[in-house]
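Here's the structure we're looking at; comments come further down.
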Amino acid sequence: MSLSPAFADVRPPEFLQLAGHPLRWRLLSELAHSDRAVHELTDLVGEPQNLVSYHLGKLRDGRLVSARRSSADRRDTYYGLDLARMSELISAASGALHPGLRTVRPPPGVASVQPASVLFLCTGNSARSPMAEALLKARAGGAIEAASAGSQPRPIHPNAVRAMREDYGIDLGGHTCRRLDDFAGERFDWVISLCDRVREVCPEFPDHPQTIHWSIANPATGEPDDVTYPLFRQTAAELATRIEFLLARLCEDPPHERKGETP
């Protein structure tokens with residue numbers, strides 16, 4: 001039986017061909033959990049670094065992953081998965097097979113979020129981590145206990161206050177910067193580092209919380225506030241997207257089923 005003309009030359013979407021390689025899929029799975037340096041990915045997948053770098057290059061060319069030089073050690077590069085783009089590509093690939101298979105990821109309902117405690121960390125606790133804390137609290141509707149701290153705390157940056165107020169209607173004006181040491185010995189379900197430097201000094205917390213690294217550039221570059229304000233808005237937008245996907249995980253994974261890893 002011959003194929004009908006409409007389906008005679010149907011090829012899988014390029015995304016499926018790119019992601020379908022077993023090693024590339026394993027790399028994507030690891031990056032779906034946390035941003036990683038190349039040497040970490042090499043250890044996790046048990047393959048030589050040149051092979052891992054080759055496949056990461058393929059994924060980067062396909063815009064499935066991004067790469068950024070570490071702010072802690074410029075010799076390292078952190079890779080991250082673009083979850084929003086992956087969601088769109090998976091939906092489009094399903095729709096290419098049949099329109100009824102196209103998926104639209106609904107926002108997680110507050111009622112379905114499992115209670116959990118989350119600590120966000122960055123160096124200054126003046127921009128990235130307080131923005132992440134506030135966004136998670138606002139979007140979880142009180143179901144999540146969120147806190148933030150820094151290894152070298154500084155006063156809240158005025159651009160962080162402005163971006164959160166103007167783009168999200170959240171007031172950070174009353175934020176009190178906290179030191180990482182203030183939380184020593186406390187128990188959290190999730191500990192999320194937002195900058196590469198603080199990841200290097202992150203202590204162990206009791207009961208082995210789930211640890212995640214989001215390698216996000218510091219928007220406070222030292223330039224005038226009017227110059228860096230767009231960077232703060234970009235940072236807030238990236239945090240908002242990542243927190244959406246974090247909430248989806250919190251809907252699925254009760255705290256007692258999570259296993260931690262060394263940051």
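The values are calculated or read from the model by the stated rules, or taken from the named source; none is laboratory data. Owing to the predicted nature of the structure, the values given are computational and were not obtained by experimental measurement. No Cβ is skipped: glycine too gets one built from the backbone with ideal geometry, and neighbour counts run over all protein chains shown. Remember, those area values only see protein heavy atoms, side chains included, never the ligands or the DNA or RNA. Shrake-Rupley method; radii C 1.70, N 1.55, O 1.52, S 1.80 Å.
A few points about this structure:
- Residue in segment 54-66 that is in a helix (DSSP H, G or I), open to solvent by 30 Å² or more (accessible area, probe 1.4 Å) and in contact (Cβ under 8 Å) with a residue 40 or more places away in the chain present: yes
- The number of residues in segment 198-227 being in a loop (DSSP other than H, G, I, E, B) and charged (D, E, K, R) comes to 3.
- Listed conditions (1) small (Gly, Ala, Ser); (2) open to solvent by 30 Å² or more (accessible area, probe 1.4 Å); (3) in contact with a Lys or Arg (Cβ under 7 Å, 6 or more places away or on another chain) are all met by residue 193, apart from (2).
- Scanning segment 28-44 for residues that are without any contact (Cβ under 8 Å) to a residue 40 or more places away in the chain and out of contact with any Pro (no Cβ under 8 Å at 6 or more places or on another chain) gives 29, 30, 39, 40, 41, 43, 44.
- Residues of segment 140-186 that turn out to be assigned to a helix (DSSP H, G or I) and surrounded by fewer than 20 Cβ atoms within 10 Å (Cβ to Cβ), as a count: 9
- Flag if residue 260 is on the phi > 0 side of the Ramachandran plot, part of a loop (DSSP other than H, G, I, E, B) and either modelled with pLDDT under 95 or surrounded by 13 or more Cβ atoms within 10 Å (Cβ to Cβ) (or both): no
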